[in-house]
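One structure is given below, encoded as structure tokens.
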There are 2 protein chains.
Amino acid sequence: MNDPHIAKAFDRDLEAIQAQVMKMGGLVEEAIREGSKSLKSRDVELAEKVRRGDRQIDELEDLINTQCAQVLAIRQPAATDLRTVLTVMKIAGNLERIGDYAKNMAKRTEVLSQMQPVEGASSAIRRMSKEVGSMLSDALDAYVRRDAELAEDVRHRDLEVDQMYNALFREFLTFMMEDPRNITACMHLHFIAKNVERMGDHVTSIADQAVYLATGEMPDDPRPKDNKAIYRVEGFEEADE
Amino acid sequence: MNDPHIAKAFDRDLEAIQAQVMKMGGLVEEAIREGSKSLKSRDVELAEKVRRGDRQIDELEDLINTQCAQVLAIRQPAATDLRTVLTVMKIAGNLERIGDYAKNMAKRTEVLSQMQPVEGASSAIRRMSKEVGSMLSDALDAYVRRDAELAEDVRHRDLEVDQMYNALFREFLTFMMEDPRNITACMHLHFIAKNVERMGDHVTSIADQAVYLATGEMPDDPRPKDNKAIYRVEGFEEADE
């Protein structure tokens, strides 16, 4: 690994893979944006576009994994370089999951568009999605620039997403109790909210990897979580995933 | 890689890692079994044991990933051997997720034990969990024995789990509509059912890897899914993840 020619070749390979990761990240950000927009505006065509678009995201993950495997086989990197390649694969895996959640939001949008709207719900989900999308953008920036501070900031913003989710959970329960005709729609909305909250967890995991690449160590507190608030609030208990 | 001494060392390393994967699999099977048992019998102590036990599962995944990284660094395997190592990491990742879902079932058990029971629900979830546990056991056997036929069998059994989930989804909606006092409990039960269905998806993914290791190719049909049944059943629509 001390041969400068080999080292350079590895860096070049890694940069090419990193470009694919950023492309994948861009598509996932778009899927979140368009998924939550389609939910809000009951736009079935846009939802269908998000669903179809997930294939490209999945293909990019496959491509990244294949390229990483090739780099491992050909360059046989050691120590730090090896870890970096494994980290890239992990980030691609997180992005693929987030894309799946966005696709799922789009699927449920198509179902929900045939039901009576639940007041305020889709706006609240859209706000949550916007926050997660902006966290994702920052997490990927932190990863590319090896910026531990920005990554830590993202990790802490996930707390807010968790709190938004908890507020929505209580709201949906109230809607359902008030009027049983809201039940089916609220079940779908609740799943969407939960999936956005899970997107936030995967963004946090990307931020963890960014911290690791920048500092050589995983963050101390595995994942800041506002567990107390989650468990006992006004008689409505929600268990954190 | 043609040096028999190196090849043997790689095989030895891989066997040691595989033993850790099987240990992890055993713990995850136990977590599913005990998690669903605690739900059925409203056994908060057992649920607490499952929650605590998840740490060991997470630690095993870390250990497996570290050992895989060491094997990659030291043995620098090429082609098939490299793919095998990456597959092992993927299976460990699936097991960790299944363990998380079992932990979550245990968390919700603690919450549900304070509410009025919903008739028949926990028995139905336990049946689903049993099926998933037995699929997991077979998927791991298929992986160790490189048995593509058994792995294909597991993949198709996941359809039944999806159908069980869909039946439960409709049942919970009915319970909630009949009596609003059931709403909070049914929301938690529904999440548990959904998580068991997701466990099935991760077991299917392990079976996919087993097929790949046995045949050198991923299964043709990415994941058999009974989508039609999921989308439109008696006016209750549920979107598949």
Handout entry: Other-copy label distances relative to B:Q116, 7 angstrom Cα-Cβ extension, nm
Key = 2.3
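Given a Förster distance of 25 angstrom, what is the FRET efficiency for B:R127 paired with B:E48, based on the Cβ-Cβ distance and rounded to 0.05? Working shown, then result.
Values: r = 24 Å, r/R0 = 0.95.
Efficiency computed from Cβ-Cβ geometry: 0.60.
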Handout entry: On Cα atoms only, tilt of B:183-215 relative to the major axis of chain B in degrees
Key = 20 degrees
Completion exercise
So the angle from the long Cα axis of helix B:148-178 to the longest Cα principal axis of chain B, reported in degrees to the nearest 10, equals 20 degrees
Fill in the blank from the handout: Shortest first and in nm, the label-point separations between B:R33 and its counterparts in the other identical copies (7 Å out along Cα→Cβ) come to 5.1
Exercise for the section: Quick one: with label points 7 Å out along Cα→Cβ, list the inter-copy distances for A:D220 in nm, shortest first? Expected result: 5.6
Completion exercise
For the pair B:T80 and B:E119, the simple spin-label estimate (label points 7 Å beyond Cα toward Cβ) gives in nm 5.9 nm
Fill in the blank from the handout: For segment B:1-144, the dipole about the Cα centre with charges only on Cβ (Lys and Arg +1, Asp and Glu -1), to the nearest 20 debye, works out at 400 debye
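Other chains' Cβ within 10 Å of A:179-192 residues: what's the mean?
The shielding value for this peptide is 4.
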Completion exercise
Computed from the beta carbon distance with a Förster radius of 25 Å, FRET efficiency for B:S41 and B:Q163 to the nearest 0.05 stands at 0.45
Handout entry: Rotation relating A and B, chain B residue nearest the axis via C-beta, angstrom
Key = B:Q76, 2
Handout entry: Simple spin-label estimate for B:S134 and A:M218 in nanometres, 7 Å along Cα-Cβ
Key = 3.6 nm
Problem - Selection from B:Y101, B:L189, A:A31 lying farthest towards where the dipole of the protein assembly as shown points positive, charges on Cβ - result: B:L189
Handout entry: Gain on full stretching of the segment that runs from B:A9 to B:H156 - 0.36 nm per residue minus C-alpha separation
Key = 49.3 nm
Problem - Average Cα contact separation per residue, chain A, under 8 Å, 6 or more apart, as relative contact order % - result: 23 percent
Fill in the blank from the handout: Dividing the surface of the Cα convex hull of segment B:4-231 by four yields a projected area in nm² of 12.6 nm²
Problem - Acute angle (nearest 10 degrees) that the helix B:79-112 long axis makes with the longest principal axis of chain B, alpha-carbon atoms - result: 20 degrees
Fill in the blank from the handout: Fewest to most Cβ atoms within 10 Å: A:F172, A:F10 sort as A:F10, A:F172
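Read-outs: derived from the displayed coordinates by stated rules, not from any lab. As the structure is a prediction and not an experimental result, all values here were calculated from the model. Using ideal geometry, Cβ is built from the backbone for each residue, glycine included, and neighbour counts are taken over all protein chains shown.
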